[in-house]
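Shown next, in structure tokens, is the structure this report addresses.
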Amino acid sequence: MIETCLKCGHVNNASTGNDSEACPQCGAIYSKVEMAQRQSKPEAPGFEARYNSLEQNITKRTGLGMGAWMLVLMVAIPIVWLSTTQERKPRPGPDAQRAREAMEAIATAQQDRLKQAILERRVLIGMTAAQAREAWGKPSSINRTESAYGAREQWVYGIGDYVYLRNDVVESVQTSRRQQ
């Protein structure tokens, strides 16, 4: 049992807890000093007295002094803070691999669809400006509008055929049917 002398502050690690046990440093009997302190009404303790009392209680309960606990806190708090604030990236598992393969297959199919449309001289919504130009060629005129929402263009092809782009992506296509 650990006993701290209330008279001199000595920490006795080899205390037995006996009522008649005395402090090896000053010779005061623990129980008598404790009783005398209970009977006297001291003034409100100052900061140093409260700190010493707190340190004695911590030392008595844990066997570690205040300095050791401060060191533990100085090391533990940054570790906990770092572990909770760092971004955690999920490890790719079999599901992630399958999802990546599916996305690659979709992208390949989309590229094949765009290539086929260009070969057939068709413009599709979602094509880039370069892909639309490759499919229908150079427009006869371009009408451009700048707004807070970005750039919009109307590409004019002959009489009645138009491609509308927003930020260089085909947004709509207008074709006219010619009567025979």
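The values are calculated or read from the model by the stated rules, or taken from the named source; none is laboratory data. The structure presented is a predicted model; accordingly, all values stated were derived computationally and were not measured. Backbone-built Cβ (ideal geometry, glycine too); neighbour counts: all protein chains shown. When the accessible area is computed, the model is the full protein with side chains, heavy atoms only, and any ligands, DNA or RNA have been set aside. Shrake-Rupley method; radii C 1.70, N 1.55, O 1.52, S 1.80 Å.
Can you match Cα Rg over 2.2 N^0.38 Å to one of these, (i) 2.65; (ii) 1.29; (iii) 0.92, based on a calculation from the structure here?
From the options (i) 2.65; (ii) 1.29; (iii) 0.92, the structure gives (i).
Find the accessible area per residue for the chain; the probe is 1.4 Å, ligands and nucleic acids are left out, and the unit is Å².
78
Which value in Å is the Kirkwood Rh of the range 83-180 over different Cα pairs?
Values: mean 1/r = 0.0612 Å⁻¹.
So the Kirkwood estimate lands at 16.3 Å.
Specify which residue in the list Leu124, Pro78, Gly158 is farthest towards the positive end of the charge dipole of the chain, using unit charges on the beta carbon of Lys, Arg (+1) and Asp, Glu (-1), about the Cα centre.
Of the listed residues, the answer is Gly158.
Got a sec? What order do Asp112, Asp19 fall in by accessible area at 1.4 Å, biggest, i.e. largest, first?
Asp19, Asp112
On a full-extension model of 0.36 nm per residue, what is the gain between Arg98 and Ala49, subtracting their alpha-carbon distance, rounded to one decimal in nm?
11.0 nm
How large is the helix-only mean residue ellipticity at 222 nm for the chain, computed as the sum of -39500 (n - 2.57) over DSSP H runs with n ≥ 4, divided by its residue count, in deg cm²/dmol to the nearest 500?
Theoretical 222 nm ellipticity from helices: -14500 deg cm²/dmol.
If I ignore ligands, DNA and RNA and count only protein heavy atoms, how much of Ile125 is accessible to a 1.4 Å probe, in Å² to the nearest 10?
110
Once both axes come from the Cα atoms, what is the angle between helix 30-39 and the longest principal axis of the chain, in degrees from 0 to 90, rounded to 10?
80
Taking the inverse of the average 1/r across all pairs of different Cα atoms in the range 37-137, what Kirkwood radius in Å do you get?
On the way: mean 1/r = 0.0469 Å⁻¹.
Roughly 21.3 Å, rounded to one decimal.
Using a probe of 1.4 angstrom, how much of the accessible area of the chain is carbon and sulfur, in percent?
Reported share for carbon and sulfur atoms: 56 percent.
List the pair-distance distribution P(r) of the range 17-74, using every Cα-Cα distance, as the percent of pairs falling in each 5 Å bin from 0 up to the bin containing the longest distance, rounded to whole percents.
4, 15, 15, 22, 22, 12, 6, 3, 0
Between Lys115 and Thr16, what is the label-point separation in nm under the 7 Å Cα-to-beta-carbon projection?
Label at Thr16, label at Lys115, 9.5 nm between them.
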